[in-house]
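Written below as structure tokens is the structure these notes are about.
The values are calculated or read from the model by the stated rules, or taken from the named source; none is laboratory data. Note that the structure is a prediction, hence the values are computed from the model and not measured. Positions of Cβ are generated from backbone atoms using ideal geometry, with glycine treated the same way; all protein chains shown enter the neighbour counts.
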Amino acid sequence: MSVLRGAASDAEFETIIRRRVKGDAKRWFSGVASLHSADVRSLTADADTEQRSVGDRLYCVFDTDMAGLPYHADIIATMPHRHDKKKPKDAWRTERGRMLALMLNQLSTPAQFRAGSLADVAATSPPRREFS
């Protein structure tokens with residue numbers, strides 16, 4: 001998952017949003033989840049399973065600055081233990097809910113984030129569909 005650290009300028013956020021949306025009607029910018037790296041790194045396995053041991057870190061945060069994006073980073077899911085029948089995706093599918101919950105708990109709409117500084121970028125995105 002591509003992320004920007006808090007010191008990133010509004011222009012960096014706009015650049016990464018435009019790169020990710022790419023004019024695709026199936027993609028849109030709906031907000032910013034403000035997370036602390038320590039919170040992401042603290043997501044660990046709660047129990048021993050066939051693919052994880054208690055305390056195994058589920059995600060890592062890496063500084064991956066890019067041209068024009070000096071505050072860029074990536075959140076990467078860690079590799080589960082090898083298993084004869086299960087693939088890494090099997091573990092990731094069961095674990096990603098914790099990352100999603102962390103993100104949704106800290107989600108700001110474009111109008112809320114930095115006093116609406118990204119609202120114009122959101123306006124170029126297709127309207128968000130509501131799910132019930």
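Within segment 70-79, does at least one residue satisfy the condition of being of a type in the set (S, T, N, Q), part of a loop (DSSP other than H, G, I, E, B) and either in contact with a Phe, Trp or Tyr (Cβ under 7 Å, 6 or more places away or on another chain) or in contact (Cβ under 8 Å) with a residue 40 or more places away in the chain (or both)? Write out each step before concluding.
Residues of segment 70-79 of a type in the set (S, T, N, Q): 78.
With part of a loop (DSSP other than H, G, I, E, B) added as a condition, the list becomes 78.
With either in contact with a Phe, Trp or Tyr (Cβ under 7 Å, 6 or more places away or on another chain) or in contact (Cβ under 8 Å) with a residue 40 or more places away in the chain (or both) added as a condition, the list becomes 78.
So far as segment 70-79 goes, yes, one or more of its residues are of a type in the set (S, T, N, Q), part of a loop (DSSP other than H, G, I, E, B) and either in contact with a Phe, Trp or Tyr (Cβ under 7 Å, 6 or more places away or on another chain) or in contact (Cβ under 8 Å) with a residue 40 or more places away in the chain (or both).
The residue that is surrounded by the most Cβ atoms within 10 Å (Cβ to Cβ), among those in segment 1-30 that are within 20 Å of I76 (Cα to Cα) and not aliphatic (A, V, I, L, M), is F13. Taking the stated definitions as given, is G23 within 27 Å of T109 (Cβ to Cβ) and out of contact with any Leu (no Cβ under 8 Å at 6 or more places or on another chain)? Answer is yes for this residue. In segment 106-132, the residues that are modelled with pLDDT under 85 form Cβ pairs under 7 Å with partners that are aromatic (F, W, Y) and surrounded by 12 or more Cβ atoms within 10 Å (Cβ to Cβ), at six or more places apart or across chains, as follows: V121/F29; A122/F29; S125/W28; S125/F29; P126/W28; R128/W28.
Considering segment 40-77, and only residues there that are of a type in the set (S, T, Y) and in contact with a helix residue (DSSP H, G or I) (Cβ under 9 Å, 6 or more places away or on another chain), the residue that is surrounded by the most Cβ atoms within 10 Å (Cβ to Cβ) turns out to be Y59.
Evaluated against (1) among the hydroxyl-bearing types (S, T, Y); (2) assigned to a loop (DSSP other than H, G, I, E, B); (3) in contact with a Gly (Cβ under 8 Å, 6 or more places away or on another chain), S30 falls short on exactly one condition, (3).
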